[in-house]
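Have a look at the structure below, then the notes.
The values are calculated or read from the model by the stated rules, or taken from the named source; none is laboratory data. Remember, predicted model here, so these are calculated numbers, not experimental data. Cβ placement follows ideal geometry from the backbone for every residue including glycine, while neighbour counts extend to all protein chains displayed. Note: accessible area is taken over every heavy atom of the protein model, side chains too, but ligands, DNA and RNA are not part of it. Shrake-Rupley method; radii C 1.70, N 1.55, O 1.52, S 1.80 Å.
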Amino acid sequence: MFDAFATILDWLGIAVFATTGALVASRKQMDIFGFVLLGTVTGIGGGTIRDTLLGILPVFWVTNPAYLVVCVVVSSTTFFFAHVPQSRYRLLLWFDAIGLAVFAVTGAETALATGVDPIVAVGMGVVTATFGGILRDLLGGESPVVLRREIYVTAALAGAALFVGMSTAGTPREIALTSGVVS
Amino acid sequence: MFDAFATILDWLGIAVFATTGALVASRKQMDIFGFVLLGTVTGIGGGTIRDTLLGILPVFWVTNPAYLVVCVVVSSTTFFFAHVPQSRYRLLLWFDAIGLAVFAVTGAETALATGVDPIVAVGMGVVTATFGGILRDLLGGESPVVLRREIYVTAALAGAALFVGMSTAGTPREIALTSGVVS
Amino acid sequence: MFDAFATILDWLGIAVFATTGALVASRKQMDIFGFVLLGTVTGIGGGTIRDTLLGILPVFWVTNPAYLVVCVVVSSTTFFFAHVPQSRYRLLLWFDAIGLAVFAVTGAETALATGVDPIVAVGMGVVTATFGGILRDLLGGESPVVLRREIYVTAALAGAALFVGMSTAGTPREIALTSGVVS
């Protein structure tokens, strides 16, 4: 049951980030392939860097191509609905925050599962949560939003730290995961 | 005979991309070492990211330093001939397109050889073909050309997809490779 | 005794580069978490890319989290002292040069220890010395200083080449290391 919950969160985070990548492509008036490339890099970029640093190779989406397919589907769907009313921009900011919270925790959990030091696990949570967006902004030719609005890194750090702290203290995973995401 | 053909294509792609990297260095009026750094990153960058994601480590040019040597030689040669007549710029665009077509197919082939899903193989073809140029543009301080001129991603995707489709359908490799590059 | 010396150099290089990353964060008026992210990426970025390319995974700071802690401590300390008098900027340029010289040599040494070709070892020295700063400048939204002031790449190349040349020629490591750093 826990795994099902964690998996749903994981897919949610990827879909949400892929959407933000596609929206940057929209702002830059790219073609559909620009949407797909930027959406995919944003959706799976953070987890890809995390897996590489931890030595979990090939990375997760090579082993399970469904992640790749979701990014492509979400990005191209966004392409056809990108003339989105301004009111949805607010919704997107919320989704972005959700993705960040989710990835901070699932990233830290993936790292903990490989037996690394808790400090490293917190760092991996931050990497997973922030580097997809950093790659998106670099490719889109903008200075990274994560470094302009520091609340993002702070939130990622807090979520990952809380989850790792509770996990190493023996808290049941369900509670620790929920706490980390909500924080 | 096939391997010899694929190898020649591979070297051609690397030399062509290294030249485009060196030409960006030229536009930015860098020193010879800037030429070499930018040319080398462009020539072997895409394949390096592909190998890392697939877990083929150390990456290809660590195992076979000749690739590194070719990039250095091509980049420094470009340094001494960079006051190139404008007429050759047209030739370069052609070479760039050739490099992209070649890398899309050889990248997909490398991925298929590790036994990954065909969808992932197509993705790796795109990564190999586009990320050398993306790194070049990021380091050169320009917004990535691949995201401004979407025809590039489209072409890489088409070449890689055709090659992977024909390969998995049992087409002899020689024909599949040629079709992928020509497309 | 040699190892102790090499280790001290290594820590020195990381602390110095982390400081330069934090100072870029200061110029961009970031929050403390921006300082930590940028300082950490600059301090361990070059070595992380080197380890990945060589297949030494998980990367060094996952195995030894003390490197991560040093970067965080140095970056946050810089945050509280960043209203630094202009006179210290000169000192920083010196520190930057020291970090570059140190990383060129320790990077080449790490590569040599894995048994790669001397040419690749020189390349890895350059990667270790320059890519931390390149990542710093990309994340900070500036065009990479290493590509504007070519003296940096030249110095890194000279130091790494001298060290590798002397090492493969059988010179005692202490002397080769010192020569490479001083050059």
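General observations
- Checked against the criterion of being touching a Pro at 6+ places or on another chain (Cβ under 8 Å) and either open to solvent by 20 Å² or more (accessible area, probe 1.4 Å) or more than 14 Å from chain A (Cβ to nearest Cβ) (or both), the candidates B:G43, B:G55 yield just one match: B:G55.
- Once region C:115-160 is narrowed to residues that are modelled with pLDDT under 80 and assigned to a loop (DSSP other than H, G, I, E, B), the residue that is surrounded by the fewest Cβ atoms within 10 Å (Cβ to Cβ) is C:R149.
- Output for region A:23-36, where each listed residue is of a type outside the set (K, R), open to solvent by 20 Å² or more (accessible area, probe 1.4 Å) and touching a residue at least 24 places away in the same chain (Cβ under 8 Å): A:L23, A:S26, A:I32, A:V36
- All conditions but one from (1) under 14 Å from the mean Cα position of the chain (by Cα); (2) farther than 17 Å from C:S167 by Cβ; (3) free of Cβ contacts under 8 Å to residues at least 40 places away in the same chain apply to C:V126; the one that does not is (2).
- Residue match in region B:28-35 (condition: within 27 Å of B:G123 (Cα to Cα) and not hydroxyl-bearing (S, T, Y)): no
- Leading residue by the ranking (most open to solvent (accessible area, probe 1.4 Å)) among those in region A:2-22 that are without any contact (Cβ under 8 Å) to a residue 40 or more places away in the chain and over 16 Å from the mean Cα position of the chain (by Cα): A:D3
- Scanning region A:23-82 for residues that are over 14 Å from the mean Cα position of the chain (by Cα), of a type in the set (S, T, N, Q), in a helix (DSSP H, G or I) and farther than 27 Å from A:G115 by Cα turns up A:S26, A:S75, A:S76, A:T77, A:T78.
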